[in-house]
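Comments concern the structure below.
Any read-out appearing in this document is the output of simple, stated calculations on the displayed coordinates, not a laboratory observation. Note that this is a predicted model, so its numbers are computed, not measured. Quick reminder, even Gly has a Cβ in these numbers, built from the backbone with ideal geometry, and neighbours come from all protein chains shown.
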Amino acid sequence: MSAEVMTKEMQSSGSMLWIAVRASLVFIIICGIIYPLVSTGAAQLLFPHEANGSLLKDSKGNVVGSELIGQNFTDLKYFQGRVSSIEYKAEASGSNNFGPSNPALLERTRATIEQWKLDNPDVLISQLPIALITNSGSGLDPHITPQSAQVQIPRISKLTGISVDELAAMLEANTEGRDLGLFGEERVNVLKLNIELAERLSNK
């Protein structure tokens with residue numbers, strides 16, 4: 001191979017390398033800088049609440065959680081959400097996926113029912129919604145059905161001194177309808193409901 005041919009090949013390789021470097025720089029700027037800035041800016045402009053984690057605040061402006069992730073309320077004077085096999089830890093989303101005949105699931109369900117009887121002696125076990133003794137697929141479900149909240153009202157009324165009618169009105173005000181009036185079911189965000197309940201208690 002002559003020196004002239006080798007020189008031309010080296011020049012060609014150098015040219016292709018420079019093209020590749022320039023293309024990489026362009027895509028880094030577009031995909032790594034411009035696109036993230038534009039998408040983040042658009043999200044902050046159009047959907048600021050959702051873009052920042054759908055955070056909920058109390059009356060003092062303190063962040064108390066996200067409306068997208070349930071919390072484990074152990075104080076019986078508050079509404080309680082669904083059973084969570086992961087204790088509502090967002091970094092461990094999931095469930096144990098036990099089958100209906102799994103002994104561990106049966107034991108946990110029996111224990112949940114027995115605890116319900118102790119905590120809610122004024123409510124018949126036949127009125128206990130199945131949603132309160134079953135785990136959601138993610139273990140992070142922030143919602144319960146209106147019926148699941150309704151059966152907790154007698155307990156909460158007795159512990160807080162807030163009348164049943166007041167709690168029922170609070171529940172109704174926090175009941176979300178079907179999406180677009182068609183999809184899903186009516187639901188109640190437990191954290192939102194408990195924020196209102198906590199504010200009502202602080203003003204007593």
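Please determine, in degrees from 0 to 90 and to the nearest 10, the orientation of helix 190-202 with respect to the longest principal axis defined by the Cα atoms of the chain, where the helix direction is its Cα long axis.
Orientation of helix 190-202: about 60 degrees from the principal axis.
Just the Cα atoms of segment 101-204, one point each, no solvent: what log10 I(q)/I(0) does Debye give at q = 0.17, 0.22 Å⁻¹?
Calculated log10 I(q)/I(0) at the listed q: -0.90, -1.29.
For helix 35-46, report the angle its Cα long axis makes with the longest principal axis of the Cα atoms of the chain; keep it between 0 and 90° and round to the nearest 10°.
Once rounded, one gets 30 degrees.
Can you tell me the orientation of helix 103-119 relative to the chain, as the angle in degrees between its alpha-carbon axis and the longest Cα principal axis, to the nearest 10?
50
So what is the calculated 222 nm ellipticity per residue for the chain, using -39500 (n - 2.57) for each DSSP H run with n of 4 or more, over all residues, to the nearest 500 deg cm²/dmol?
Value at 222 nm, helices only, nearest 500: -14500 deg cm²/dmol.
Counting Lys +1, Arg +1, Asp -1, Glu -1, what net charge surrounds ASN102 among other residues with beta carbon under 15 Å of its beta carbon?
+1
Test of understanding: what is the full-extension gain from ASP179 to ASN203, defined as 0.36 nm times their sequence separation minus their Cα-Cα distance?
Taking ASP179 through ASN203 to full extension adds about 5.3 nm, to one decimal.
For a footprinting-style exposure proxy, rank LYS158, LYS204 by other Cβ within 10 Å, fewest first.
Ascending Cβ contact count within 10 Å gives the list LYS204, LYS158.
In whole percent, what relative contact order does segment 98-170 give with Cα contacts below 8 Å and a gap of six or more residues?
Computed over segment 98-170, the figure is 24 percent.
Select one label from (1) 17.5, 54; (2) 14.6, 44; (3) 27.5, 99: the one whose number is Rg and Dmax of the Cα atoms in Å as derived from the coordinates shown.
Matching the structure shown: (3).
Once both labels are modelled 7 Å past Cα along the beta-carbon direction, what's the VAL26-VAL63 spacing in nm?
4.0
Given the peptides 92-99, 66-73, 150-157, arrange them by the average over their residues of other C-beta atoms within 10 Å, most packed first.
150-157, 66-73, 92-99
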